[in-house]
Amino acid sequence: MAALGYDSAMILADAIKRANSTDGPKVRDALAATKDFDGVTGKTTINEKRDATKSAVILQIRNGAFHYVETVNP
């Protein structure tokens, strides 16, 4: 959860920088224009409904070890 929170804060900081403002509507529009933000949890895009979409990695635990299964893209 900490990594996702970090990415969220960095996406907001990036939107403020791109908006060149902290004005609510300008930041909102900059957030809505976020595409393929490269964060610590992977690439995040904000879709037309202003929902964050990103790939999910599926891991399997076998004998106490994590094993990569696949990446699911939205």
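Before moving on, here are some points about what is shown:
- Residue count for region 1-20 under the criterion of being modelled with pLDDT under 95 and touching a Lys or Arg at 6+ places or on another chain (Cβ under 7 Å): the result is 0.
- Search result, residues across region 21-49 that are open to solvent by 60 Å² or more (accessible area, probe 1.4 Å) and either on the phi < 0 side of the Ramachandran plot or out of contact with any Lys or Arg (no Cβ under 8 Å at 6 or more places or on another chain) (or both): Thr22, Asp23, Pro25, Lys26, Arg28, Asp29, Lys35, Asp38, Val40, Lys43, Glu48, Lys49
The values are calculated or read from the model by the stated rules, or taken from the named source; none is laboratory data. Not measured: the values here are computed from a predicted model. We place every Cβ from the backbone using ideal geometry, glycine too, and count neighbours over all the protein chains shown. Just so you know, the surface numbers come from the protein's heavy atoms only, side chains and all, with ligands and any DNA or RNA stripped out. Shrake-Rupley method; radii C 1.70, N 1.55, O 1.52, S 1.80 Å.
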